[in-house]
Structure formats: structure tokens, C-alpha cells
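Have a look at the structure below before the remarks.
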Amino acid sequence: MVQEIDLDKIDINAEPPTEEPARQYYFMAKCRQYVREEGERLGRPLSAAVVNFGCQMNARDSEKLNGILDTVGYELTNSEEADFVIYNTCTVRENANNKVYGRLGYLNTCKKNNPHMKIALCGCMMQEPDVVEKLRTSYRFIDLIFGTHNIYKFAELLVAAFEQQGMVIDIWEDTQKIVEDLPVERKFSFKSGVNIMFGCNNFCSYCIVPYVRGRERSRDPKDIIREIEKLAADGVVEIMLLGQNVNSYGKNLDKPMTFAELLKEIEKIEGIERIRFMTSHPKDLSHELIEVMANSKKICRHLHLPLQSGSTQVLEKMNRRYTKEQYLSLVENIREAMPDIALTTDIIVGFPGETEEDFEETMDVVRKVGYDSAFTFIYSRRTGTPAAAMDNQVPEDVVKARFDRLLKEVQTTAARKAEQLTGQTQPILVEEINRQDASLVSGRLSNNSVVHIPGDASMIGKLVDVTLTECKGFYYYGKPVLHE
Ligand code: SAH
Ligand code: SF4
Ligand code: F3S
């Protein structure tokens, strides 16, 4: 949140304050000086681009980086030919890392053409010591490397990068700290992510996130509510509450609070029309939450409920702490309370030791649940996780064949589900001008499906009732309903 802290009133020749966020505002004031001086030397304003490689949590972190960059005087751009490029990385699967290494070669060329260019890397991949070592030795053109726990210190680190020769590296192993009230530059004016917790304590055996994001920490509900109230005052109508496992929100607060209780408080905030959240771990999804969702006018009719595998045996090895039957009965309870809810999921194919029978169990759950959409992933071995050391890694060709079968099943079910809504009238939140056809605008239903309707930029950020005229598999064409 941008507090009214006037950088001009900060004495940058004094010692930096020790408390946060005042310390960071001091460094922002200092940084602004450097950015100004360099801009004057070049005879033009400096530009900066944050490139996001990861999940919604990373995207929200990028908005925080952009908030600081904007405050210190950079012009924000999407071009990687900017004066300052920051890669906010992900490491959940191997290909996320490969993407970053691939793109770094290109950045090196950019820097050769533009020697005063600065390059920073941050995010989850930087929490892996091997990665940082490789970058330190073989990618000497990088100016700044920091991790997930100290992202709030970006201004301070940037000042160090201006003042020091060579690479600045600052990585913390973990933190208990949550720094509030730093600037944020949102990508969308009408919707926003809101962190409600950081880190993860679940240690699913395939997953690297707990190692790179640290232990679970919930934000104080007062800070969350205050942030959302400010967002609403600023024109935001839809919020997405973010956490790796939102269902365990509040357990470690001084005054414990459940996620359902938090939702009830958020529901009261005037101006907020839609509430979304992710991600929900099935093992922690309570009856209380189902009830709050069913009675809510604002919580969207969409639940992302990662399955990972339909085989109880595999689920146990994954340390997911639910069985196939428990998952299916949870889905039944949810559907009973909210028959119109859209269910989406994540599934991993080829976990070590996955047999044909195990895979068939996954297919069985997919058929029984009938997901509205599903993200399917090929298992990726992450060094340091328990699964990486397991025997019976499944051969690539077997995994690929299963993956294709699963994808086909998921797509067929999703198309069938989508078709059922054709002809209905429902509100969409208009998000943008259609990228292919400028006479259309695109928005989302409560259930998260995309709808394209005739319209113009004046509709962006508005809720519009539309009739779904044509289903195209996983999206719709529609027309606005004209009210008297
Ligand atoms: N906290 C969320 C998941 C975050 S990671 C949850 O528990 O649902 C997003 C998805 O990436 C996971 O749901 C999982 O399906 C997938 N994933 C995580 N680690 C993976 C790995 N090693 N290989 C393949 N997919 C993985
Ligand atoms: Fe990873 Fe499991 Fe935590 Fe999700 S809940 S982030 S899959 S360890
Ligand atoms: Fe998200 Fe990737 Fe990190 S999925 S939490 S950016 S490892």
C-alpha cells in the first residue's frame, strides 16, 4: 500500500533508520537520487522491466517490485531492452529453471549493447544454493541477486548495486518477518491479488516450495482488511486471496482465526464485489468454509482443489494426507452445498513408482469429479525433495503416454461441462480488450471461465450481465443483456 511518505522529506545524508518500512523509504529516496543522476547523464528517463516466471504469488511480488521501481523514478515497461531488467524466477519444475537460463543469454547480449544496463534475479530459484553458485561463477554480468524472504529490501539492495562494484548477492534461508506498507504498482486497476499468508509447512514429497518459500506465516487480519479497504477505495472490485494453503490460514496467529472467519470479515468490505482465493489443500478444507462459501454473495463459484493423484497409495507417498475416498467425499459435500460450483485441479503424472493401476485411479477421479478445467504436469525431479531420492522413477515414454491420455480426458470433460452453461445469463467482470479482435472485450464469469462480448474500453473493470450465446470448448462468446 502506498502510504503518504514524502521522499523529499527524508534526509539521505543521515544514517538509515533501523525500523521498517521507514528504512526502505530512506533507501528509496537515496535510490531516486541515483536514478535521477543517471537519467540526466543519458538525457532520458531510465526504464525498468520486471519479468515474471512464476505463480500468482510471484506475480504479486512483481507488483511490489514495480511499486518500488516506480517510486524511485524508473519508467515501467515490458521490454527486456530496458535499462534495468529483473527476472522474478520460479523453480517448481525443472523447465521453469531452464527458461531462465535460456533467457539470460539474450540479456547478456542486451547488456553488451547497453553497458550501463542493470540485471537482477530474484524469486524462488534464487533460494537454491546450487543455482546461485552457478550464476555467481558463470553469469558474471548479473548485478544483483536476492531471494524470496528479503524482497521487501529491494530498495536497499538496489542502492548497494549502485554503490558497489561487482555482483551484489543477498539470500536469506528463512524469515519470520512480514513488512507491511511498502508501495505496490498493480497490473490491473480493478482487480488485485492480496497475500494472506506466506510459505508452506506441508512438505508434499515432490515439492520444492516449502524449501524456497520458508515456513508458513499468516498476515495479521487487521493488515489484510486494511489493505483490501484501501484497494476498494482505489476502485478494485475483485480480489484474489493468495497463499500456498489458504485453508490453514491463521493457525499461528497470536489470536488464531480460521480462513472461513477471515472470509466473513472480508465479505463485509464495501466496494468489493468478488472474492477469489487460491490454493486450497483438500486435507484442510473445513465444513465451516463450505458453509461460508455457500452463504456468500461475493465469493466466486470456483474452487481450485489440487488432486495431484487419484491413487491413495501414491497420495501417501506424496505426503498429501488424504485418500482417494476422502477427496471424492469432500467433492460431494462441496457440490451438495453449491451445485453450480466450478471445480478445477492440479494433477501430476509420473510420480516415482506410479503404476498403470495408480494412473487409472487418477483417471477414475477425473471422470467422477468432472473438472471444469485441470492443470496437468509431468512429474519433475526437484533436488533436495524426498521424492527425488525415491526408487522407481517412471520412464519418460510411459509418463508421456499417460500424460496424453489424461489431457484428452480432462479436455473432453471440460468441454462437456462448459457446454452446459450455453444459453444462460450471468455477470462477467470485463478485464480487457480482446487481443485478436478489438471490437470485443473479454471478461470472466464467477466460475472463472472467459467470455468474449462486443464492447469497448469503457467497460473494463465493470460487471456486465451477459448471455452465453456460443461455447467454444473452454471459453464463450456472449452478448450483453440490456437492462431497462
Ligand atoms: N500450494 C499449491 C501448489 C503450488 S505448486 C497446492 O498445494 O495446491 C502448483 C502445482 O505444481 C502443484 O499443485 C503441483 O501439481 C505442481 N507441482 C509441484 N511440484 C511439482 C513437481 N516436482 N513436478 C511436477 N509438478 C509439480
Ligand atoms: Fe507444495 Fe504441497 Fe505446499 Fe502446495 S501444499 S506448496 S504442493 S508442499
Ligand atoms: Fe510459485 Fe514457482 Fe515459487 S510456483 S511459489 S514461483 S517455485
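The values are calculated or read from the model by the stated rules, or taken from the named source; none is laboratory data. No experiment lies behind these values; they were computed from the predicted model shown. Heads up, the Cβs are rebuilt from the backbone with ideal geometry, glycines too, and the neighbour counts pull from every protein chain shown.
Please determine whether any residue of the range 383-397 is touching a residue at least 40 places away in the same chain (Cβ under 8 Å), among the polar types (S, T, N, Q) and on the phi > 0 side of the Ramachandran plot. Checking the range 383-397: at least one residue is touching a residue at least 40 places away in the same chain (Cβ under 8 Å), among the polar types (S, T, N, Q) and on the phi > 0 side of the Ramachandran plot. Residues in the range 55-87 that are away from ligand 1 (no atom under 16 Å from the Cβ) and touching a strand residue (DSSP E or B) at 6+ places or on another chain (Cβ under 8 Å): 19 in all.
Looking at the structure I just gave you, is Val212 within 16 Å of ligand 2 (Cβ to nearest atom), farther than 29 Å from Glu291 by Cβ and under 18 Å from the mean Cα position of the chain (by Cα)?
yes
The set of residues in the range 188-237 that are surrounded by fewer than 20 Cβ atoms within 10 Å (Cβ to Cβ), over 26 Å from Phe377 (Cβ atoms) and within 16 Å of ligand 1 (Cβ to nearest atom) contains only Arg217. Cβ-Cβ contacts under 6 Å between residues 6 or more apart (or on different chains), taken from a first residue in the range 340-353 that is among the hydroxyl-bearing types (Ser, Thr, Tyr) to a second residue that is within 16 Å of ligand 2 (Cβ to nearest atom), are listed as Thr344/His304; Thr345/Leu305; Thr345/Pro306; Thr345/Leu307; Thr345/Ala374. Leu241 meets the conditions (1) more than 16 Å from ligand 2 (Cβ to nearest atom); (2) within 23 Å of Asn66 (Cβ to Cβ) in every case but one. The failed one is (1).
Could you say whether any residue in the range 293-302 is of a type in the set (Val, Ile, Thr), modelled with pLDDT of 95 or more, part of a helix (DSSP H, G or I) and farther than 30 Å from Glu354 by Cα? No: the range 293-302 contains no residue that is of a type in the set (Val, Ile, Thr), modelled with pLDDT of 95 or more, part of a helix (DSSP H, G or I) and farther than 30 Å from Glu354 by Cα.
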